[in-house]
Amino acid sequence: MRRSLGTWLCCGATLVCLGCGGSTTPEPSAAEIRTPSEAGKKLLLAEAPTGAVDVKAAREQAAADQEIVVVGRIGGSVDPWVDGMAAFTIVDRSLKACSDIPGDKCPTPWDYCCESDVGQARTLVKFVGEQGEVITTHAQELLGVSELQTVYVQGKAQRDADGNLSLVASRIYVQPG
């Protein structure tokens, strides 16, 4: 059976049209909506804690072993998660994710690739168990969190030899929306 060029062009145009249009930001499917595990629910706070500081302020001001609440958005790289651990990076809320820029169609807006100082505006968050070891359940599975969510993290500031800040987390509030 032979098909004419016109038939092939019509079929191709139909397929292209089916793939176009609609929202540039698709609604999450039921499979993409995350919920915390039973263990993770014990780490969740019912409301945002008071006295939270943004990531940049925490990086500048927090002393080692200081109890602190830091607020930021999950992201800072294409993959902000640490595999096999309840750990991820958060970014200062003053930075714009690519999805916050009208017309930007970046497929990974949580990497903040449009920002030049993202390295100075992010910090690592790691949840630890009762014995001080990092929890080995992936953060998304444990806490039900996703990229670009705003979170308030309670924990203890930790500084490495170079003075870089990380947060040894004990509790988290996930801002709705």
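The values are calculated or read from the model by the stated rules, or taken from the named source; none is laboratory data. From a predicted model like this one, the values you see are computed outputs, not experimental measurements. Cβ sites come from the backbone with ideal geometry, for glycine too, and all protein chains shown count toward neighbours. Please note that ligands, DNA and RNA were not included when accessible areas were found on the heavy atoms of the full protein model with its side chains. Shrake-Rupley method; radii C 1.70, N 1.55, O 1.52, S 1.80 Å.
A few points about this structure:
- Local electrostatic count at Ser170 - Lys and Arg +1, Asp and Glu -1, tallied over other residues with Cβ under 12 Å: +2
- Taking all protein chains together and rolling a 1.4 Å probe, Arg122 ends up with roughly 80 Å² accessible.
- Computed over Cα pairs, the Kirkwood radius of the range 20-177 leads via Stokes-Einstein (1.567 mPa s, 4 °C) to a diffusion coefficient of 81 µm² per second.
- About its Cα centre, the range 46-177 has a charge dipole of approximately 220 debye under the convention of +1 per Lys or Arg Cβ and -1 per Asp or Glu Cβ, with nothing else charged.
- Residue ranking by accessible heavy-atom surface, 1.4 Å probe, largest first, among Trp81, Trp110 comes out as Trp110, Trp81.
- Ligands, DNA and RNA are left out, and with a 1.4 angstrom probe the accessible area of the range 39-99 is 48 Å² per residue.
- The aspartates and glutamates whose alpha-carbon is closer than 16 Å to the alpha-carbon of Lys41, local same-chain residues fewer than 8 away aside, are Glu130, Glu141.
- Considering only Pro80, Ser99, Pro109, and ranking their Cα positions along the charge dipole of the range 75-115 that arises from unit charges at the beta-carbon of Lys, Arg, Asp and Glu, the one farthest toward the positive end is Ser99.
- As a fraction of the 1.4 Å probe accessible area of the range 35-162, surface on carbon and sulfur atoms comes out at 48 percent.
- The range 42-91 and the range 114-135 have Cα centres spaced 6 Å apart.
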